[in-house]
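Written below as structure tokens is the structure these notes are about.
The values are calculated or read from the model by the stated rules, or taken from the named source; none is laboratory data. This is a predicted model, so every value here is computed, not measured. Here Cβ is always computed from backbone atoms with ideal geometry, including for glycine, and neighbour counts include all displayed protein chains.
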Amino acid sequence: MRDNFPLCVLVGRTNVGKSTLFNLLVGERVAIVDPTPGVTRDWIERVVSVKGLAIRLVDTGGISLGEEGLQKAVEERVWRLVDEAQLVLFLVDGRVPLTRVEAEVIATLRRKQRPFFVVVNKREGLTHEPPPPEILELGGGKVFQISAKHGDGVARLKEAIFRELKEFRNPKASAISLSGGIPVAIVGKPNVGKSTLFNSLLGEERAIVSPMPGTTRDAVEAPLRGSYGYYLLVDTAGLPRRKNIRDRVTLYATFRTTERLADAELCLLVLDPFQGVTRQDRRIAGEIARLHKCCIVFVNKVDALLAKNPNLSPAELCKRARVDLPALHYAAFRAGSALDASSVREELLPLMAGVVTRFHQTVREDVLNGRVRERIHRQLSVLPRRRKPRLEMLLQQGVAPPHFLAVVEGVREKDEEKQCLNIIEKVLRGEMDWEGVPLRITVQRKGERVPQSVLELSPE
């Protein structure tokens, strides 16, 4: 039991309402719900409270007992979770007869001796009627009739889940849930290697990896703990070009990725060097910069590229990417292969820890108004203007992102203000290590009142 929370897994064919029930139990729309079969592929998990009992609830991809390709990978993960679970909720569609696949799954659950409930969904107005006879004939688990869409019968199901799992309650269980940790979003175009990087950082095959673009639809989360800190790692669906969004599932997946990017503290932007930096890469980079997110740009598939172009180097690839992504001038750039889990963890985990630390860093006022201010003043004094701008005071107004207030005398026009901003940022980055961290700098003309809140927030 991860984090000492009992594991409850939702299992069933496609489109029987697993994701609807999952969202209802979680209390928010986490999993994508759509009539299109097979929307859920990777499993999605949350720690939820059922009558005061914290459990790990997992929504899984639909089972069809398929033997090939992506469906086989989906089902292998489902059965792995079933083997770990303290309780399986096997959902069926109460409007249609039980299928051969469902009968086989129930028989397998009985053979594995896994505790399971049969949850007959889509029984609006019929939850107090007898269950379909073919389900009762199979025997095995307890049967519950619900409507996940309308909530009918769900209270009784929750009560049964609590009774089944309360023996696994651990009074010393960690209070940290899967929603804890510093949120780190892995973003990029479809099929650039985001899920491979996600798995390598975790050290396990958590997300499904396939050469088929758009394999990841829901955002997949997993906690990452170690000597470098505690993170909530999020593998997001690839952000396609707007003209390629042709269906509801892609539209919602894109919306969820944008949401997770906004929620993240650190973004890992993955690039494919075989494609070069595209307009879509620049659009994603612009959004990261606009939201003032920490950023590490990871140029992936370097091993394959260097095998074809031995004259290139990882440093050269990073240099090219930096030039092509001016919005992320502050980002940390690294190149490697997401397939090489050992190298990825060795290089990126300490870098992630350093970037996050710098994101919350405060600089002493005597440093800012000592050597930093002196260097800024020297650079301002050589500007080709009759009246030279003069930095009167530099204060740090906040963190995450670091926000500085510069009180400047002699600035009248917008272009002068922009010049001052560029010089101040250049000096700040030259004097201190801000790799991967965006800086917010506000120029205030001398004579304008400095808000008291700014003075109070300034570090001692």
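The table that follows gives values for the structure above.
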| item | result |
| --- | --- |
| From the options 339, 348, residue that is within 21 Å of the chain's Cα centre (by Cα), surrounded by 19 or more Cβ atoms within 10 Å (Cβ to Cβ) and in the same structural domain as residue 279 (by TED's automatic domain parsing) | 348 |
| So residue 447, is it farther than 19 Å from residue 364 by Cα, in contact with a Lys or Arg (Cβ under 6 Å, 6 or more places away or on another chain) and modelled with pLDDT under 95 | no |
| Residue that is farthest from residue 264 (Cα to Cα) [pool: residues in the stretch 402-414 that are under 34 Å from the mean Cα position of the chain (by Cα) and surrounded by 20 or more Cβ atoms within 10 Å (Cβ to Cβ)] | 405 |
| Residue ID - farthest from residue 22 (Cα to Cα), chosen from residues in the stretch 150-170 that are loosely packed, with under 14 Cβ neighbours inside 10 Å and of a type in the set (Gly, Ala, Ser) | 155 |
| Unique match (being within 27 Å of residue 440 (Cα to Cα) and touching a helix residue (DSSP H, G or I) at 6+ places or on another chain (Cβ under 6 Å)) among 285, 338 | 285 |
| Qualifying residue in the stretch 369-385 (condition: surrounded by 15 or more Cβ atoms within 10 Å (Cβ to Cβ), at pLDDT 85 or above and in a strand (DSSP E or B)) | no |
| Hey, residue 188 small (Gly, Ala, Ser), modelled with pLDDT of 90 or more, touching a helix residue (DSSP H, G or I) at 6+ places or on another chain (Cβ under 7 Å) and more than 30 Å from residue 270 (Cα to Cα) or not | no |
| Residue satisfying condition, being in contact (Cβ under 8 Å) with a residue 40 or more places away in the chain and either more than 17 Å from residue 187 (Cα to Cα) or in contact with a Leu (Cβ under 9 Å, 6 or more places away or on another chain) (or both), within set 382, 323, 356, 297 | 356 |
| Looking only at the stretch 276-294, and only at residues there that are without any contact (Cβ under 8 Å) to a residue 60 or more places away in the chain and assigned to a loop (DSSP other than H, G, I, E, B), the one that is farthest from residue 338 (Cα to Cα) | 291 |
| Number of positions in the stretch 307-330 that are of a type in the set (A, V, I, L, M, F, W, C) and touching a helix residue (DSSP H, G or I) at 6+ places or on another chain (Cβ under 8 Å) | 5 |
| Hey, residue 129 surrounded by fewer than 20 Cβ atoms within 10 Å (Cβ to Cβ), outside any loop (DSSP other than H, G, I, E, B) and modelled with pLDDT under 90 or not | no |
| Residue that is at pLDDT 85 or above, among the small types (Gly, Ala, Ser) and touching a strand residue (DSSP E or B) at 6+ places or on another chain (Cβ under 8 Å), where the choices are 94, 62, 27 | 94 |
| Criterion (under 30 Å from residue 198 (Cα atoms), in contact (Cβ under 8 Å) with a residue 40 or more places away in the chain, among the polar types (S, T, N, Q) and not in a helix (DSSP H, G or I)) met by exactly one of 396, 361 | 361 |
| Subset of the stretch 254-271 [touching a Leu at 6+ places or on another chain (Cβ under 9 Å) and either touching a residue at least 24 places away in the same chain (Cβ under 8 Å) or outside the structural domain of residue 314 (by TED's automatic domain parsing) (or both)] | 257, 258, 261, 262, 264, 267, 268, 269, 270, 271 |
| Residue 353 over 16 Å from residue 434 (Cβ atoms) and either at pLDDT 95 or above or surrounded by fewer than 18 Cβ atoms within 10 Å (Cβ to Cβ) (or both) | no |
| Unique match (being farther than 18 Å from residue 6 by Cα, at pLDDT 85 or above and surrounded by fewer than 18 Cβ atoms within 10 Å (Cβ to Cβ)) among 111, 80, 123 | 111 |
| Count of the stretch 299-328 residues which are closer than 27 Å to residue 441 by Cβ and surrounded by 13 or more Cβ atoms within 10 Å (Cβ to Cβ) | 8 |
| Verdict on residue 437 being assigned to a helix (DSSP H, G or I), buried (at least 20 other Cβ atoms within 10 Å of the Cβ) and either in contact (Cβ under 8 Å) with a residue 24 or more places away in the chain or not polar (S, T, N, Q) (or both) | no |
